[in-house]
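Okay, so here's the structure we're looking at.
Every read-out reported here was derived from the displayed coordinates using simple, explicitly stated rules and does not represent laboratory data. Computed from a predicted structure; not experimentally measured. Here the Cβ positions follow ideal geometry from the backbone for every residue, glycine too, while neighbour counts run over all protein chains shown.
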Amino acid sequence: MIEYALGFGFTAISLALLLNLWRLVAGPTVADRVLAGDTMVTNVIALIILFGIQQSSTMYFEAALLFAMFGFVGTVAYCRFVLRGDVIE
């Protein structure tokens with residue numbers, strides 16, 4: 001049963017990732033593109049977690065945590081650049 005749930009999860013998150021990619025490319029404003037990039041990071045984290053469950057390995061959970069931290073820092077830095085024009089004061 002877990003195989004079916006994982007297959008459905010992979011399919012749903014992959015579809016969400018494709019839709020986020022479309023919003024990233026066709027977003028009318030910069031804010032839409034930033035939100036699409038941040039949501040893509042969240043979806044990639046979900047894919048890493050699902051793959052970790054499928055492989056029964058804890059290494060993927062640690063990789064997902066690191067990816068989440070870098071995604072947060074990247075989103076904050078990009079938002080500061082958009083708002084102020086400079087990342088480091």
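Just a few scattered comments:
- Sorted by Cβ density within 10 Å, fewest first, the residues Val25, Val82: Val25, Val82
- For the chain, calculated [θ]222 nm from helices alone, where every DSSP H run of n ≥ 4 adds -39500 (n - 2.57): -31000 deg cm²/dmol
- The local environment of Met40, defined by Cβ-Cβ distances under 12 Å, has a net charge of +1 under the rule Lys, Arg +1 and Asp, Glu -1.
- Calculation over all alpha carbon pairs of the chain in 5 angstrom steps from 0 returns a P(r) of 3, 14, 19, 19, 18, 12, 8, 5, 2, 1, 0 percent.
- Length added when fully stretched, Asp86-Leu35, from 0.36 nm per residue minus Cα-Cα: 16.4 nm
- Cβ-Cβ FRET estimate between Val76 and Met1, R0 fixed at 35 Å, reported to 0.05: 0.30
- For the chain, the Cβ-based charge dipole about the Cα centre amounts to some 180 debye (Lys, Arg positive; Asp, Glu negative; other atoms uncharged).
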